[in-house]
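Asker: First the structure, which I've put down as structure tokens, then a few questions once you've had a look.
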């Protein structure tokens, strides 16, 4: 499989140099999705304001002022302690993550894992950016992710590589490169340990944008859709899907919807929505412009 991947990657006819400017392919409406995520915090704040107003009217301002003064030092200490713990925990987890990457992964280079290195370079060129470091780690899970705050890298599990061919891996790399392109990397991620990003910072439309980047890099709709099917079902079951007609009908997408609230609060949109939106983008004038 590696030999075939290497042969195919070296035969790529894409000669676009990294850094070439490309039109923006971000999905619109990211701001409105942030507003949706604010609904729960706003409700909590309004509830607290209501309780405070009730106490003020019932017991008077003196009661509130006395209690606030008495508890201000305690609250301040708790806040400072919480911030300090968060900063130290983040630093510790970050150091552990880089230790894990350095100790248990291999970086793709021209000499080691040259096929993956070549595919990453081609994908980055098609997205008009410089390829970051790509690391391969032993993990059977079909997954890949872009991480880092200052130095951004892509980590690919061996399970992902084993489950994909060249074109499918190109989609995955294009997706993760788009996370880096727009600054949407995961600050912290460790095997078995994930520090969750607050819900307010998780925007599903980013995944649609990154799927677009994957398709621009891959340039094969069926292969791109197949990758999404593999993420949901695994390699063997995904092979039983009619990829050409997989969620190509908006009515089918709506009929399969279970809970709009759960979907709205999730970090990633459902696969059916990702597939349908990817099909829409594939047939759009913007996609044709992007690939020339």
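The values are calculated or read from the model by the stated rules, or taken from the named source; none is laboratory data. Since the structure is predicted, the reported quantities are computational estimates derived from the model, not experimental observations. FYI the Cβ positions are ideal-geometry reconstructions off the backbone, even for glycines, and counts take in every protein chain you see.
Asker: Kindly establish whether residue 146 is touching a residue at least 24 places away in the same chain (Cβ under 8 Å), outside any helix (DSSP H, G or I) and either on the phi > 0 side of the Ramachandran plot or buried (at least 22 other Cβ atoms within 10 Å of the Cβ) (or both).
Answerer: It is true that residue 146 is touching a residue at least 24 places away in the same chain (Cβ under 8 Å), outside any helix (DSSP H, G or I) and either on the phi > 0 side of the Ramachandran plot or buried (at least 22 other Cβ atoms within 10 Å of the Cβ) (or both).
Asker: With the condition kept exactly as written, say whether any residue in segment 180-194 is at pLDDT 90 or above and crowded, with 21+ Cβ neighbours inside 10 Å.
Answerer: Checked segment 180-194: at least one residue is at pLDDT 90 or above and crowded, with 21+ Cβ neighbours inside 10 Å.
Asker: When you scan segment 115-132, how many residues do you find that are at pLDDT 95 or above and surrounded by fewer than 17 Cβ atoms within 10 Å (Cβ to Cβ)?
Answerer: Final tally of qualifying residues: 0.
Asker: Looking at 101, 134, which one is in contact (Cβ under 8 Å) with a residue 12 or more places away in the chain, in contact with a strand residue (DSSP E or B) (Cβ under 9 Å, 6 or more places away or on another chain) and part of a strand (DSSP E or B)?
Answerer: Selected residue: 134, the only one of 101, 134 that is in contact (Cβ under 8 Å) with a residue 12 or more places away in the chain, in contact with a strand residue (DSSP E or B) (Cβ under 9 Å, 6 or more places away or on another chain) and part of a strand (DSSP E or B).
Asker: Of everything in segment 231-246 that's part of a helix (DSSP H, G or I) and without any contact (Cβ under 8 Å) to a residue 12 or more places away in the chain, which residue is farthest from residue 164 (Cα to Cα)?
Answerer: In this case the residue turns out to be 245.
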